[in-house]
Amino acid sequence: MSGIAVVGNMILDYYKVVDSYPSPSALTTVRSMSSAPGGLLCNCAAGLARLDPGLRIPVVGQVGDDPAGDQLLAGLNAHPGIDTTQVHRGGQTSFTDVMEDSSTKTRTFFQFRGANAEVDVDHVDFERLDADLLHAGYILLMDALDGPDPEFGTRMARLLATAQARGIRTSVDVVSEHSDRFSRLVPPALRYTDYCILNELEAARTTGVPIDEVVTEAGARRTAEALLGFGVSTWVVIHWPGGAVGLSREREWVARPSVALRPEQIVTTTGAGDAFASGVIHAAWSGRSLAEAVETGIGSAACSLLAGNSTDGIRQHDEVLRFYRESAHRGLWEG
């Protein structure tokens, strides 16, 4: 088999753990600070490399010709399977200040688009892209790819359509934000998507189903059906803290609870969504069932919570799946 390509954000995350997130004009104390690669491209490429060290993972994105860009490329190149030859240099490397509340483990993001804003369809040299699945995102956070396209609706939709026309399966992910842009930017891409992987907020804002209904069984099924209705060809997978569901084009329905971790086991929740997506798309690429894909996604996300960044806790595919199946689980519909 060929490999999995990843196209999207390359971000240097600056992690700052604070006592508690302050109200406006108030003060809090920063207890620790570190930096690590982040964004969909860095997180998913490294996650896939940990799930499958022998996998070929060509990546396409852009970083600045600056020390932050050097750091991101060095992190990716530490994995032998990741091919960075289609990473462009220019502008200023994107960064995110990740403010993590030490008491609740929740995090707030301050994002600088930087070089990511320039990534467009023509950054991808399909003639040299050795992959049979392409994972792209985040929709809503890629200025050029979120831009309009007269034929396909958005530039992201054009990218996915081009991949499908070449026999490459496609997968997309979306960034979580509180806005009304979902219904405008996500559906055009879903027409050219084989595997749609969203969290409950993204699924609710894309479909218009209220978020509190998405995490009920009836609401989750209705939301997944609506996403298939936008044109997703193969699987819709929706995840939230309580678990995840999957719906196939043939209407196979899978619902699985999340791993019941103790609060003291969780080092950080940053990047858990990308770890989940990595597990799902690796299972899809390797021909596993929808049920195994959902379980691998949950297991990969749970493993990621046990380490200090987005990817170091992820294990190889079969280990992640075994970890999920041998762990205690939460109540699926408890949220």
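Before moving on, here are some points about what is shown:
- Test for ARG251: is it out of contact with any helix residue (DSSP H, G or I) (no Cβ under 6 Å at 6 or more places or on another chain), at pLDDT below 95 and not hydrophobic (A, V, I, L, M, F, W, C): no
- Residues in the range 145-162 that are of a type in the set (Val, Ile, Thr) and buried (at least 21 other Cβ atoms within 10 Å of the Cβ): THR154 alone.
- Search result, residues across the range 16-56 that are crowded, with 21+ Cβ neighbours inside 10 Å, at pLDDT below 95 and of a type outside the set (A, V, I, L, M, F, W, C): PRO37, GLY38, GLY39
- Tally, over the range 250-305, of residues that are out of contact with any Lys or Arg (no Cβ under 9 Å at 6 or more places or on another chain), in a helix (DSSP H, G or I) and more than 24 Å from MET10 (Cα to Cα): 5
- Residue count for the range 17-46, restricted to those that are assigned to a loop (DSSP other than H, G, I, E, B), within 27 Å of the chain's Cα centre (by Cα) and among the aliphatic types (A, V, I, L, M): 0.
- Consider the range 76-113 and keep the residues that are β-branched (Val, Ile, Thr) and more than 17 Å from GLY271 (Cα to Cα). The one that is surrounded by the fewest Cβ atoms within 10 Å (Cβ to Cβ) is THR85.
- Listed by first and then second residue, the pairs linking a residue in the range 218-231 that is touching a residue at least 12 places away in the same chain (Cβ under 8 Å) and over 13 Å from ALA204 (Cα atoms) to a residue that is surrounded by 15 or more Cβ atoms within 10 Å (Cβ to Cβ) and among the aliphatic types (A, V, I, L, M), with Cβ atoms under 8 Å apart and 6 or more places separating them unless they lie on different chains, are LEU228/VAL236; LEU228/LEU247; PHE230/VAL186; PHE230/LEU190; GLY231/LEU190.
- Enumeration of residues in the range 314-325 that are touching a residue at least 12 places away in the same chain (Cβ under 8 Å) and more than 18 Å from PRO257 (Cα to Cα): ILE314, ARG315, GLN316, HIS317
- In the set (1) closer than 28 Å to TYR21 by Cβ; (2) surrounded by fewer than 20 Cβ atoms within 10 Å (Cβ to Cβ); (3) of a type outside the set (S, T, N, Q); (4) modelled with pLDDT of 95 or more, ASP180 fails one condition alone, (4).
- Scanning the range 67-75 turns up no residue that is of a type in the set (S, T, N, Q), surrounded by 14 or more Cβ atoms within 10 Å (Cβ to Cβ) and in a loop (DSSP other than H, G, I, E, B).
The values are calculated or read from the model by the stated rules, or taken from the named source; none is laboratory data. Please read all numbers here as calculations on a predicted model, not as lab measurements. Quick reminder, even Gly has a Cβ in these numbers, built from the backbone with ideal geometry, and neighbours come from all protein chains shown.
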